[in-house]
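Derivation of every value follows stated rules applied to the coordinates shown; laboratory data play no part. Predicted model only: the values in this text are computed from it and were never measured. All Cβ positions, glycine included, derive from the backbone under ideal geometry; neighbour counts span all protein chains shown.
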Amino acid sequence: MGRNKLSRFKHLKRVFGAGGLIIILATVLSACNLPAFGGYKGATAQGHDTHMLYAWLVIAAIVVGGITLSLLLWAIFRYRKKSDTIPKQFQYHIPLEITYTVIPIIIVLIVFFFTVNVENKVDAVSTHPYVKIKVTAFQWGWNFDYPQLHVDVHGVTLQNPEMVLPTGKTARITLVSADVVHGFYVRQFNFSRYAQPGVVNVFDLTVRHSGTYQGQCTQFCGLYHAEMLFRVKSVSPTQFWSWVHQEQAEGHSKVVSQLPSPVVKVRSTNSRTKI
Amino acid sequence: MTLLEEKQLIPTEETKHATTEHHEPSGLIKWLTSTDHKVIGKSYMFTALILMIIGGAMALIMRLQLTSQHSSLLSFQQYNELFTMHGSIMIYLFVGPFAFGGLANYVVPLQIGAPDMAFPRLNALSYWLYLGGSIIMLLGFFTASGAADFGWVAYAPLSSAVNSPGAGPDAWIAALVLTGFSAIFTGVNLVTTIFYLRAPGMTMFRMPIFVWNMLVTAILILMAFPVLTSALIMLYADRHFGMDIFSVKGGGVPVLWQNLFWFWGHPEVYILALPFFGVVTEIIPVFSKKPIFGYKGMVFATLAIAALSTGVWGHHMFTTGVVLLPFFSLLSLLIAVPTGIKFFNWIATMWRGQITFTTPMLMCIGFLITFLIGGLTGMFLASPPVDFQMHDTYFVVAHFHSVIFALVLAAVGALYYWWPKMFGWYLNDKIGKVQFWLLFIGVNATVVPWYILGLHGMPRRVAVYKVGMGWHALNIAATVGADITGLSFLVFLLNIYLSWDKKVPAPSNPWDGTTLEWFTSSPPPTHNFTRIPPIRSERPVWDFNHPDAIAISAHSQKAPLINGAPPGNGRATNGNAREATISGSANSGTTETVESD
Amino acid sequence: MKVEGVVLIGIGLFMAVVSVGYWFWSGEPSGTAMLIGAVLLGLLPGGYYYWWAKRMKPRPEDRPDSTIREGAGVIGSFPHGSIWPLVFGAGAFLFGLALAFGWWFLPPALGLMLVAATGVTTQSRRGGTI
Ligand code: HEM
Ligand SMILES: [Cu+2]
Ligand SMILES: [Cu+2]
């Protein structure tokens, strides 16, 4: 009787061990062709890194969740009441408890390792971006300013302005808010960042494939939050420059922004958060 | 003079002083003046359930709006008010007060063999503050500006007087100040009760896990709620006295609000969750006919969750760009470890048991599955790059509803479990099972489409969405799920009515329960106990009823020495095998006083 | 009493480690301040309980072998009911209304709370804890 039970626990341990092994194996063999798992594969280089992390997390979650759920369902179906005898009143099994403390710690450390890895890539800002864009969010619209190029895509409330980017090149976005907190988010980029009063956020976007992507404010910002949309259009560098020249010729740069200029108190601490 | 000293001075003989006020009021007056933890606990639960129905109705209206693309059922303003009030009602006024004001209030004194909470009048005040706060929150709808419409998190500077003027937001702040004090008082009361009013022999490591969880919840309340309350006072001062604490123009720092809010907000998640972890830890062993597996591991895990949860607030601010990503990420991921310990302990408790599937047990199983989904998706959000992708999309909405609905399943389970104790009659088990299936299926049918919507980029808190984003079908599915969920609560109300109409009387221990509340009558008398069995383990009533089925350690096959004494031993030496000794404090049912000088 | 103290001290010490780590890693003052608050909330009452535990005999609820009989006697006073919490709550409710809707709610609010505070004090003088 006791023997039987002990071997059962041994068996359990083996199941847990196998789960851990699968995850480690899976992460080591970081192949590039993972399914999308319902998400976007990432239209930017940064978004693609995020997607890879996401996909591996899905696999890990399926393994861990699958094992846990099977144990649970097994217990429910196998041990439904069959007689009136009182079952053995066992309460502690230290080795088993240690096992299911240590294995999750290992999993967590693995996840953390890859998280930091990807986080540093996503947050990295290159020293020589191809183009610099200052994005100002306001209630309820967006302003895209290309200071070096003297181009200003002036957003008007509840319009759907378009930010143009050169495909394959690194664009440096400087994100600020003129009033309340907003969220700069493009779903195919797998990325969002708050635009906040008093904070300047800086990040890079390197679009991999030309196309038009729908963006939207994700942080609730008042009445028309739901209609605070924008588009990102990524075109080849040649097309990008012809767009720039056309804009300059049309004199869009002369539209002086009437936005209150944001006051800056806190600088993004991106560089600090790296380890 | 502190209670502590009093206890030291008390002689063993009963020193009774009949008090002058001995008239028993009845009816409404009795309810209005009651300081009995059982009455207050029931009032809390009843009020919280009504608020849940109000908040749930708001949710169903929102779902109706989102079922068609670019719907014009609600205006933007109305939608914004609805999600703000839905979230606020559910978080501030339903789950928390139901758990620590209602369940804990009712169950904790019974489980530790106490006659009442340590500060009965303060306890009553907590309830009145909560009721008053709730009414003020709802009054917001009747102001000229409408109810608060800045989300339940009230981010600065959207919540400033300029961006959200009017009395509605002020009512929201006032309501939360009142309920905040209510929570703090309840926290104080619970800690004191658990530290000072346990029955003899009920050492800390013999307390039922539910009591442990409530102790830790109360400590978390005391750490977190003062921060929220002071933040609200600062916000109020900003709005009315131009303090400019959160506004850039006046030299303030808006992000400070997020720091303060989430320093309360994340512990709050566990303030909501731990009580229901406790509920599940009570129910599963009883219906598996086994002791909880890994009692000490459970206690350790609860403490670890609480301690870690105080250091993870930044994970709600990953996309601000101004928090220390690795620090908050690591601590958040680590919470999965103690949570995992709990989960496996629950499974191991069922392992080789004799499981009966009553409604409370089914609800707990529903909790386990739903919570597993919520917990695993939480791991995604704890990883900053993935959070950049998911933040403020429906993925997050789905994640927290998974977790919260798991808690709601446990809450309904708790009602079915303790209902016979509270009222002396059962809720119908068959209707309960129907309710379980509706609730379980409804919840997951709501939440799964939300996860996919989040992955497809649908932002949260939007009243409308564009045609052509590919979100329509999933929204319809979510609404169907939400309606099934709503239906399950109608079934619940029906069950309460039918069971009340044809009462099936319940004995004092209907489930072969193991903890002290099952030793007294159903419902218990005013000061709870006329007799208490010897307490030699965390299952005194089980030990009393099943003297030959004492808990053992699975690997040693020997009875564990709990605090140096094998469980069950005490009764043997006591000599009164079947007769519980009389508890001196509670047998008379009259008010007893201590002369103090 | 000892376990109670140790639990709180344990939480306090853990929070101390977290605060120190957080401060040196992030240098962010508001979070550090709140974490230190959490440290104190663990250490102060925890230390008090522990200090007491060393100076007193274990209470019946601290000893695994005590019998129910040892708890006999008066353990405190528990009122059957009191009107004052309701009165105080009504005052607080009016105070909330004053915050939201106008200062004219303030005098009755303060009045009720004062009356209730007086009432509850005299009542508990006669009968024990709050
Ligand atoms: C019938 C059950 C429920 C349904 C159908 C439901 C539905 C919804 C919907 C449609 C939203 C708005 C999402 C958005 O526009 O961003 C929402 C938000 C929310 N819900 Fe629920 N919900 C339900 C139950 C609950 C419960 C039980 C709780 C908590 C105890 C809860 C807490 C919240 C919170 C905190 C928010 C966020 C509010 C905000 O964004 O400010 N919900 N829910
Ligand atoms: Cu917005
Ligand atoms: Cu959190």
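Name all residues of the stretch B:30-45 having a backbone nitrogen under 14 Å from the label point set 7 Å from the Cα of B:Ile135 along its Cα→Cβ direction, giving them as ranges.
Label zone hits: B:32.
Between C:Trp103 and C:Trp52, what FRET efficiency comes out of the Förster formula 1/(1 + (r/R0)^6) with R0 = 41 Å and r the beta carbon distance, rounded to 0.05?
The formula returns an efficiency of 0.35 here.
Give, rounded to the nearest 20 debye, the magnitude of the charge dipole that the protein assembly as shown has about its Cα centre when Lys and Arg contribute +1 at Cβ and Asp and Glu contribute -1 at Cβ.
Details: 66 positive and 48 negative charges, 550 e Å.
Taking the Cα centre of the protein assembly as shown as origin, the dipole is about 2640 debye.
Between the alpha-carbon centers of the stretch A:131-171 and the stretch B:123-177, tell me the distance in whole angstrom.
So the two Cα centres are separated by 37 Å.
Which residue, chosen from B:Ala406, B:Gly55, B:Ser332, occupies the Cα position most advanced towards the positive end of the dipole of chain B, where the dipole is computed from +1 (Lys, Arg) and -1 (Asp, Glu) charges on Cβ about the Cα centre?
Value computed over the given set: B:Ala406.
What is the antiparallel percent of DSSP beta bridges lying wholly in the protein assembly as shown, to the nearest 5?
If we restrict to bridges inside the protein assembly as shown, about 65 percent are antiparallel.
Mind putting a number on the dipole of chain B about its Cα centre? Charges go on the C-beta only, +1 for Lys and Arg and -1 for Asp and Glu, and I need it in Debye to the nearest 20.
Once rounded to the nearest 20, the dipole reads 1340 debye.
Once the dipole of the stretch C:2-64 is set up with Lys and Arg at +1 and Asp and Glu at -1 on Cβ about the Cα centre, which of C:Pro29, C:Gly42, C:Gly5 lies farthest towards its positive end?
Value computed over the given set: C:Gly5.
Taking only Cα atoms and a 10 Å spring cutoff, compute GNM fluctuations for chain C and point out the largest among C:Pro58, C:Pro45, C:Pro107.
Highest fluctuation of the listed residues: C:Pro107.
What FRET efficiency comes out for the pair B:Leu64/A:Ser210, r = Cβ-Cβ distance, R0 = 30 Å, nearest 0.05? Don't skip to the end; give the middle numbers.
Working: r = 40 Å, r/R0 = 1.33.
That pair, B:Leu64 with A:Ser210, gives E of 0.15.
Mind running the shape call on the stretch C:2-64? Use the C-alpha gyration tensor, a ≥ b ≥ c as the square roots of the eigenvalues: rounded below 1.5 for a/c, prolate if a/b tops b/c, oblate otherwise.
prolate
Among the trypsin sites (Lys or Arg not before Pro) in the stretch B:121-228, which ones are in a DSSP loop with at most 12 other Cβ atoms within 10 Å of the Cβ? Mind listing them?
Sites meeting the loop and neighbour criteria: none at all.
Give me A:Cys217, B:Cys364 sorted ascending by neighbouring Cβ count inside 10 Å, so fewest comes first. Can you show the working numbers first?
Working: A:Cys217 29, B:Cys364 26.
Starting with the residue having the fewest Cβ neighbours, the order is B:Cys364, A:Cys217.
Ignore the peptide's own chain and count Cβ atoms of other chains within 10 Å of each Cβ in B:544-551; give me the average, rounded.
2
Can you give the average number of partner chain beta-carbon atoms within 10 Å of each beta-carbon in peptide B:248-257, as a whole number?
Mean partner-chain Cβ count within 10 Å for B:248-257: 5.
Report the one residue of B:Ala445, B:Asn105, B:Ala301 whose Cα lies farthest in the direction of the positive end of the charge dipole of chain B (charges on C-beta: Lys and Arg +1, Asp and Glu -1; origin at the Cα centre).
Comparing the listed Cα positions along the dipole, B:Ala445 ranks first.
Holding the Cα-Cα limit at 27 Å, pick out from B:Lys421/C:Lys57; B:Lys290/B:Lys430; B:Lys289/C:Lys57; A:Lys121/B:Lys249 the pairs that are longer than that.
B:Lys421/C:Lys57; B:Lys289/C:Lys57; A:Lys121/B:Lys249
Determine, for each peptide in B:255-264, B:425-434, the mean count of other beta carbons within 10 angstrom over its residues, then list the peptides with the highest first.
B:255-264, B:425-434
Take B:His546 and B:Lys30, extend 7 Å from each Cα along the Cα→Cβ direction, and tell me the distance between the two endpoints in nm.
3.7
Just to be sure I understand the rule: take each whole DSSP H helix in chain B, project its Cα atoms onto its long axis, keep it if the span is 27 Å or more and its mean Kyte-Doolittle hydropathy is at least -1.0. Which ones pass?
B:37-67, B:120-139, B:167-196, B:209-241, B:254-288, B:325-350, B:359-381, B:394-423, B:429-455, B:472-501
Hey, got the average number of other protein chain Cβ atoms within 10 angstrom for residues in B:337-350? Display every interim value, and only then the final one.
Values: counts 9, 2, 1, 9, 4, 0, 5, 12, 3, 2, 10, 11, 3, 8.
Averaged over the peptide's residues, the number is 6.
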